[in-house]
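Notes follow the structure.
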Amino acid sequence: MTEQMSFLKNGRHERLESYREKYKDFMALEREDGILECRLHHEDGPAVHGWEAHHAWREVWIDIGRDPENEVLIVTGTGDRWQIGNPEVWKTPFREWDREEQLALYHDSSRLIENMVFNIDIPTIGIVNGPGTHCELATLCDITLCTEDADFFDPHFLGGTPPGDGMALTLQRTIGPKRAAYYAYTGKKIDGHTAVELGLANECLPREDLLPRAREIARMMMERSKMTRHLTHAILSRPWRQAVVEDMGFHLMHQSYEMTTNREGALANLMKNAHRFRDR
């Protein structure tokens, strides 16, 4: 029976060498002693928001989660920025997209969060290594480290769109609904020290200390048994799973509805409200 059931232990999965190559344009994947580091990037510089990258982030969580050789996951950015926004992705207003493309983006946006929350069964450490949008990927990790100049903020409302693709949800579940409403409406920057004070991050460190500290924590985690690690992560990630089930679809559909009815389009709204981002 043990021999026949051995697939339950090892599963059927791609090896790191295979999926590392698959996602190389969007993230660098390196593993040592079971600790997998996922470094988001664009041409080995800071990650740039784009639909291909968006789709890759959705898919990589599945491959990482399937691989039993991954024991702890560290997610970080490249250089001195977490991620660079790219308004050009909205050059064509969403309401003019083909309906199949609209549906595909809806699935990508929901699965990007869902796949991270539901497919990763190992402890996770997120590193916000500088300013940038979409910090929810690091916030969703069990432990979050950040720099002093980290820039946790939700730009959607300032840009003329409801905040529905994850950042507002993570704000609500970490700093509370009242504070989340304030930061969603004002788009005010939450720097690293403030993020720790509010409960959005755990430690604020100099940039050069972030990865060494994450590795230190990961090695400590590796001193415990695999079962202890997996089941502890299951307990600690449960609030995120509940949040996704209860609210993610609700948030995303409200943003999607506005975008499909907005005649100007997201890019025009962003340009019209650009001064508000400078003033925040």
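The values are calculated or read from the model by the stated rules, or taken from the named source; none is laboratory data. On a predicted model such as this, the values are computed, not experimentally measured, just so you know. Neighbour counts are summed over all protein chains in view; Cβ atoms, including those assigned to glycine, are modelled from backbone coordinates with ideal geometry. Note: areas computed on protein heavy atoms with side chains; ligands, DNA, RNA excluded. Shrake-Rupley method; radii C 1.70, N 1.55, O 1.52, S 1.80 Å.
If you line up the long axis of helix 51-66 against the longest principal axis of the chain, both from Cα atoms, how many degrees apart are they, to the nearest 10?
The two axes meet at around 20 degrees.
How would region 81-170 be classified by its alpha-carbon gyration tensor: rounded, prolate or oblate, with rounded meaning a/c under 1.5 and the a/b versus b/c comparison settling the rest?
Oblate shape, in that a/c is at least 1.5 and b/c is the bigger or equal ratio.
Whose amide H sits under 5 Å from the amide H of Val75, counting only residues 5 or more places off or on another chain, with H placed in the peptide plane?
For Val75, whose amide H was placed from the backbone, the distant partners under 5 Å are Cys38, Ile125, Gly126, Ile127.
Val89 to Glu223: FRET efficiency via 1/(1 + (r/R0)^6), r the Cβ-Cβ distance, R0 41 Å, to the nearest 0.05? Show your work: numbers first, answer last.
Numbers: r = 43 Å, r/R0 = 1.05.
Using R0 = 41 Å, I get an efficiency of 0.45.
Give me the percent relative contact order of region 17-121, please, defined on Cα pairs under 8 angstrom at least 6 residues apart.
31 percent
Give me the Å³ per residue figure for the convex hull around the C-alpha atoms of region 168-229. If you can, show how the numbers build up before the last one.
Values: hull volume 6.5 nm³, N = 62.
Convex hull of Cα atoms, per residue: 104 Å³.
Around Asp25, with a cut-off of 12 angstrom between Cβ atoms, what is the net charge of the other residues, counting Lys and Arg +1 and Asp and Glu -1? Don't jump to the answer; show the numbers that get you there.
On the way: positive: Arg20, Lys22, Lys24; negative: Glu21, Glu43, Asp44, Glu52.
So the surrounding residues net to -1.
By the scheme Lys and Arg +1, Asp and Glu -1, what is the net charge of all other residues having a beta-carbon under 15 Å from that of Thr260?
Taking every Cβ under 15 Å from that of Thr260, the sum is -4.
State whether region 105-262 is rounded, prolate or oblate according to the following rule on the C-alpha gyration tensor (a ≥ b ≥ c being the square roots of its eigenvalues): a/c under 1.5 gives rounded; otherwise a/b larger than b/c gives prolate, and the remaining case gives oblate.
Oblate shape, in that a/c is at least 1.5 and b/c is the bigger or equal ratio.
Just to confirm, what accessible area per residue do you get for region 159-238 at 1.4 Å probe, in whole Å²? Please list the in-between numbers first.
Details: 4400 Å² over 80 residues.
Result: 55 Å² per residue.
Go through region 27-40 residue by residue and turn each phi into a ³J(HN,Hα) via Karplus (6.51, -1.76, 1.60, θ = phi - 60°); whole Hz please, and just put x for glycine and proline.
Ordered by residue, 3J(HN,Hα) equals 7, 9, 10, 9, 10, 9, 6, x, 8, 9, 9, 10, 9, 5 Hz.
Would you mind getting the accessible area per residue of region 57-136, heavy atoms of the protein chains only, 1.4 Å probe, in Å²?
Per-residue accessible area for region 57-136 comes out at 38 Å².
Over the chain, how many pairs of lysines fall under 24 Å by alpha carbon, counting only those 8 or more apart in sequence or from different chains?
Details: Lys9/Lys226; Lys91/Lys272; Lys178/Lys188; Lys178/Lys189; Lys188/Lys272; Lys189/Lys272.
Going through the chain pair by pair, I get 6.
Between Tyr185 and Thr232, 0.36 nm times their residue separation minus their Cα-Cα distance comes to what?
Contour length minus Cα-Cα distance gives 13.4 nm.
Among the DSSP beta bridges whose two residues both lie in the chain, what percent are antiparallel, rounded to the nearest 5?
If we restrict to bridges inside the chain, about 35 percent are antiparallel.
If you average the sequence gap of Cα pairs under 8 Å that are 6 or more apart and divide by the length of the chain, what percent do you get for the contact order?
20 percent
Could you work out what % of the accessible surface of the chain is carbon and sulfur, using a 1.4 angstrom probe and leaving DNA, RNA and ligands out of the count?
Carbon and sulfur atoms account for 51 percent of the accessible area of the chain.
Could you pull out the longest piece of the chain with no exposed loop GluC sites (Glu not before Pro) in it, calling a site exposed if DSSP puts it outside H, G, I, E, B and it has at most 10 other Cβ atoms within 10 Å?
44-222
Over the chain, what lengths in whole Å, largest first, do the semi-axes of the equivalent ellipsoid take, defined as the square roots of 5 times the eigenvalues of the alpha-carbon gyration tensor?
On the way: eigenvalues 194, 96, 63 Å².
Listed largest to smallest, the semi-axes of the chain are 31, 22, 18 Å.
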